[in-house]
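*Asks:* Below is one structure. I have some questions about it.
The values are calculated or read from the model by the stated rules, or taken from the named source; none is laboratory data. Nothing here was measured: the structure is a model prediction, and the numbers come from that model. Using ideal geometry, Cβ is built from the backbone for each residue, glycine included, and neighbour counts are taken over all protein chains shown.
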Amino acid sequence: MASFSSVLLPLHPQVSSGEEPRQPPHLHLPPVSLTPQTARRLLQQHKEWSLAAVFTGGGFSVAATFTEPADFLALARAYDSREKTIANGISFLGHTYPVTRFAPPLIICRRGTGEDTEGLAVLKGSSRMGEDLLLVAVYRPPAVSASAVAQMRRFFVSHLGTLPASSPSKAVQQLLARQRRM
């Protein structure tokens, strides 16, 4: 299991003099170190997220904007079985959220209807050390999943680590290939 301290940054290696940076210097890179207190403060700055947390793939909390006990390991295991996760939904802080999109590294859920609705998104990436890190956020109207997920992606790459490159599923790739041949 990953230890709590092993998820702390630096997420990007420091560049010694004479070396070219791995990314263009105009990009905002994560700070050299990120403590749990700093991570919590950064999470709290996102007012459109009613609840948010960063945790490891082993279920250890790094930072959260809430104090209620949460089963982070169950959230991390949601990625293990698409069928099971879609069939059962995701349970978080006493609520069950039906899954509306399962597209790793992203899972999107929504419960309720109309104005009485609440969304939950889980994003999975890696720390510089190669350990799984996850970000979960709960949002309510007027926030929508497209906005919340875009903010989560920016937060992750700015403060936590890297996300896997997204590509269409094999079925979508095959469909696109057939359409190109027509």
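*Asks:* Under 6 Å by Cβ, and 6 or more places apart or on different chains, what pairs join a residue from segment 62-84 that is in contact (Cβ under 8 Å) with a residue 12 or more places away in the chain with one that is surrounded by fewer than 20 Cβ atoms within 10 Å (Cβ to Cβ) and assigned to a loop (DSSP other than H, G, I, E, B)?
*Replies:* E68/L93; A70/L93; F72/G59; L73/G59; A76/G59; Y79/P104
*Asks:* Here is a follow-up. Can you name every residue in segment 135-173 that is out of contact with any Pro (no Cβ under 9 Å at 6 or more places or on another chain), closer than 20 Å to A78 by Cα, outside any helix (DSSP H, G or I) and modelled with pLDDT of 85 or more?
*Replies:* Residues satisfying the conditions are L135, V136, A137, V138, Y139, T162.
*Asks:* To continue, here is another question. Might you check whether a residue that is closer than 22 Å to H46 by Cα, in contact with a helix residue (DSSP H, G or I) (Cβ under 7 Å, 6 or more places away or on another chain), hydroxyl-bearing (S, T, Y) and surrounded by 14 or more Cβ atoms within 10 Å (Cβ to Cβ) occurs anywhere in segment 65-72?
*Replies:* yes
*Asks:* Which ones in segment 128-182 are surrounded by 12 or more Cβ atoms within 10 Å (Cβ to Cβ) and of a type in the set (G, A, S)?
*Replies:* A137, A143, S145, S147, A148, S158, G161
*Asks:* Where in segment 76-133 are the strands (runs of 3 or more DSSP E), entirely inside, with at least 3 residues that are under 20 Å from F66 (Cβ atoms)?
*Replies:* Because the criterion is at least 3 residues that are under 20 Å from F66 (Cβ atoms), the strands (runs of 3 or more DSSP E) in segment 76-133 that meet it are 90-92, 95-97, 106-113, 116-126.
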